[in-house]
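No lab work stands behind these numbers, since they all come straight from the coordinates. Bear in mind that the values here come from a model prediction, so they are computed numbers and not experimental data. Cβ: placed from backbone, ideal geometry, glycine included. Neighbour counts: every protein chain shown.
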Amino acid sequence: MRAALIVASAVFAVTGGLVFKYSGVYEAFAMSPQVPVVPATRRLAQSVAYQAQGLQLPLELETPNNLRSGARLFRDNCVVCHGAPGMPRSESAQQLQPSPPDLLRAGRRNDPAEMFLTIRNGVKTTAMPAFGEILPDEEIWTLAAFLHASRGIAALDFQALSGAGPAKTGG
């Protein structure tokens, strides 16, 4: 009896989920807040951590040259959506759902292997593109090194490392 109740509950849950998924009731527009059962950021983190297992990091990843190269790549390709100290995200990026994370925030983990895979492969159902066909792996590794080494970086340090000018104020 108990097993039959468990099976019936599972069938009911799966059927209900499929009906909801394919009914068109779920609002997929970006202006609507997401209400997932498991937060997308947690699902993403778990998936990327699993995929990164066993990925070999290049030797001497966080060299001064790699950090400078990664900072320039971040300035040229990532700041528009993720922002940087002294450089806010673009107006259009501020409207993205889900919102792009502040990758240089102090306290972020930014595991180099996980960052490499995310940058290289992009993230489904977000605005994060796959850079694997745009940038060679060596350059993506420098960006991953920069993101790991530069968590909590100050605006002036970011400007110096990336070659960015001072932040503009006003409109």
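Hey, with R₀ at 45 Å, roughly what FRET efficiency would LEU57 and VAL11 work out to, going by the Cβ-Cβ distance, to 0.05? Before the final figure, lay out the partial values.
Details: r = 45 Å, r/R0 = 1.01.
Calculated value: 0.50.
Can you compute 3J(HN,Hα) from phi for each residue in segment 93-109, using the Karplus curve 6.51 cos²θ - 1.76 cosθ + 1.60 with θ = phi - 60°, rounded to whole Hz and x for Gly and Pro?
5, 5, 9, 5, 10, x, 5, x, x, 7, 6, 9, 5, 4, x, 5, 7
Semi-axes of the equivalent ellipsoid of segment 38-162: what are they in whole Å, largest first, if each equals the square root of 5 times a C-alpha gyration tensor eigenvalue? The partial results should precede the final answer.
Values: eigenvalues 80, 75, 34 Å².
Largest first, segment 38-162 gives 20, 19, 13 Å.
Could you derive backbone 3J(HN,Hα) for segment 57-63 from the dihedral phi with the Karplus parameters 6.51, -1.76 and 1.60 (θ = phi - 60°), listing whole Hz in sequence and x where the residue is Gly or Pro?
Running phi through 6.51 cos²θ - 1.76 cosθ + 1.60 with θ = phi - 60° gives 7, x, 5, 6, 5, 9, 7 Hz.
Which of the peptides 92-101, 139-148, 3-12, 73-82 is most tightly packed, and how do the rest follow, going by the mean number of other Cβ atoms within 10 Å of each residue?
Details: 92-101: 14.2, 139-148: 24.8, 3-12: 9.4, 73-82: 18.9.
Averaged packing, sorted descending, gives the order 139-148, 73-82, 92-101, 3-12.
By per-residue mean of other Cβ atoms within 10 Å, what is the highest-first order of 62-71, 43-52?
Working: 62-71: 18.0, 43-52: 14.3.
By packing density, highest mean first, the sequence is 62-71, 43-52.
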